[in-house]
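Okay, so here's the structure we're looking at.
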Amino acid sequence: MRHLRTVQPADRLPSRLVVTYNLRDIHHIAGTGMAKTETIYVLNGPNLNLLGTREPQTYGHATLADVEKLCIETAAKYALKAECRQSNREGELIDFIHEAHAKKIAGIVFNPGGYSHTSIALHDALVAVQIPTVEVHVSNIHARESFRHHSFTAKAAFATLAGFGIDGYRLAISGLAAKLGVKAKS
Ligand code: DHK
């Protein structure tokens, strides 16, 4: 005969229950409306300061200021704050990535420009900080010269967008928000 035993509630419950929530969930559950605004970085590399005048047949007529305005407005729709930086220097872009880590930045939208195709150092910086990153190219690099077909930095990004013009930045922020579990404000 099998030995039967009455199971008391205490037997069914673990003696110590550990539940882990992240801060954003707690704010949502509590409905406090006090969720801290997360910041993302929008980083643009060499020559992107010339957007608007540089090869408009390839890069369009929008300026870097237009890109940054679009990013700030798109991020705001997700209650994210976009901080935009541009540099023509590889080392300074690496410093921005390190700074993003130090400041606990939630995500990065990155157009490394020509450094995409050459920079193992930028790739390594992205891998080192492990911040969710979307790589953006204004032009469709795969339909251009073969030296643009490979991106070192893209290997460290969770997604890449190329060929949408400056709308790629808007799409990248939407994708990044989804990755971060942030919904558009209603
Ligand atoms: C921008 C650059 O500056 C080029 O060097 C890349 C990229 C493409 C873009 O399409 O945004 O090859």
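How about Lys185: which aspartates and glutamates have a C-alpha closer than 15 Å to its C-alpha, ignoring those fewer than 8 places off in the same chain?
Glu38, Glu73
Net charge around Ile105, counting only other residues with Cβ within less than 12 Å of its Cβ (Lys, Arg = +1; Asp, Glu = -1)? Write out the running numbers ahead of the final one.
Numbers: positive: Lys81, Arg85, Lys103, Lys104; negative: Glu38, Glu83, Glu99.
Neighbourhood net charge equals +1.
Any chance you could list P(r) for the range 38-186, counting all Cα-Cα pairs in 10 angstrom bins from zero, rounded to whole %?
Histogram of Cα-Cα distances, whole percents per bin: 12, 46, 35, 6, 0.
In a shell of Cβ-Cβ distance under 14 Å around His142, excluding His142 itself, what net charge do Lys and Arg (+1) and Asp and Glu (-1) give? Working shown, then result.
Values: positive: Arg144, Arg148; negative: Glu135, Glu145.
Spelling it out: positives minus negatives among the neighbours equals 0.
Check which residues have an amide H placed less than 5 Å from Lys81's amide H, if you skip close sequence neighbours.
Under 5 Å from the amide H of Lys81: Glu38, Thr39, Ile40.
Just the number please: accessible area per residue for the range 37-180, 1.4 Å probe, all protein chains included, in Å².
Numbers: 6470 Å² over 144 residues.
Heavy-atom accessible area per residue stands at 45 Å².
Hey, which lysines would be in cross-link range of Lys155, C-alpha to C-alpha under 21 Å, not counting anything within fewer than 8 residues on its own chain?
Lys179
Tally Lys and Arg at +1 and Asp and Glu at -1 over the other residues with C-beta under 15 Å from the C-beta of Gly163: what net charge comes out?
Values: positive: Arg144, Arg148, Arg170; negative: Glu55, Glu135, Glu145, Asp167.
Counting the neighbours of Gly163, the net charge comes to -1.
The values are calculated or read from the model by the stated rules, or taken from the named source; none is laboratory data. All values reported here derive from a predicted model rather than from experimental measurement. Using ideal geometry, Cβ is built from the backbone for each residue, glycine included, and neighbour counts are taken over all protein chains shown. Surface areas here come from the heavy atoms of the whole protein model, side chains and all, with no ligands, DNA or RNA. Shrake-Rupley method; radii C 1.70, N 1.55, O 1.52, S 1.80 Å.
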